[in-house]
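Enquirer: This is the structure I have questions about; it appears just below.
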Amino acid sequence: MSDVSNVSNAGKAWQYGIAIFILGLGIVYGIGAAAFPSEGGYAGIGPNFVPILIAVALGVTGAILLWQVATGGLRNFTDELAGVTANYRGGLWLTTGVLLHALLITHIGFVLASTLLFVCVARGFGSKRWWLDAIYGTALVLPVFWLFTMVLDVSLPQLFNDWI
């Protein structure tokens, strides 16, 4: 691990902000997970199992980050140490994809919303062939949709569900 004790005050504030945000996200997820029923189905685990795992993982990650900031700064965080610069445009594409997915899934269905998410994520990672990404995304999403709806009998939003 590298020593980053010479981080500026502004850099330290950002690092505290990131750590507190992740820790807060874990707390919010934990509160949300507590609202889910805990009764286990045929598999013995309830619908709150995965959300609790996510909340715990976020909480532990946030606590570790907070500890790192308090003991000298986030390890390997600065651009100088990592030798890379942030790709804000890529991050914007990923964020846009997740938000669009959340906003559109009940209106255009799971398959189209997830395909759009795949296209946005691929674009965020540098792909410029959106039509090919849409084909790949659909090819990945359809088996997931069929597995959940036909095998596991989980109801996912379908295309034109609102209009029929």
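The values are calculated or read from the model by the stated rules, or taken from the named source; none is laboratory data. Every value quoted in this text rests on a predicted model; they were computed, and no experiment measured them. Cβ atoms come from the backbone with ideal geometry, glycine included; neighbour counts cover every protein chain shown. Note: accessible area is taken over every heavy atom of the protein model, side chains too, but ligands, DNA and RNA are not part of it. Shrake-Rupley method; radii C 1.70, N 1.55, O 1.52, S 1.80 Å.
Enquirer: Name the single residue, out of those in segment 22-40 being open to solvent by 50 Å² or more (accessible area, probe 1.4 Å) and modelled with pLDDT under 85, that is nearest to ALA63 (Cα to Cα).
Expert: ALA34
Enquirer: Give the number of residues within segment 100-150 that are farther than 18 Å from GLY90 by Cα and outside any helix (DSSP H, G or I).
Expert: Adding up the residues that qualify gives 0.
Enquirer: Are any residues in segment 63-99 of a type in the set (D, E, K, R), assigned to a helix (DSSP H, G or I) and modelled with pLDDT under 70, and if so, which ones?
Expert: ASP79, GLU80
Enquirer: Additional query: Within segment 2-21, is even one residue modelled with pLDDT of 75 or more, in contact with a helix residue (DSSP H, G or I) (Cβ under 8 Å, 6 or more places away or on another chain), of a type in the set (A, V, I, L, M, F, W, C) and part of a loop (DSSP other than H, G, I, E, B)?
Expert: The answer is no, given that none of the residues of segment 2-21 is modelled with pLDDT of 75 or more, in contact with a helix residue (DSSP H, G or I) (Cβ under 8 Å, 6 or more places away or on another chain), of a type in the set (A, V, I, L, M, F, W, C) and part of a loop (DSSP other than H, G, I, E, B).
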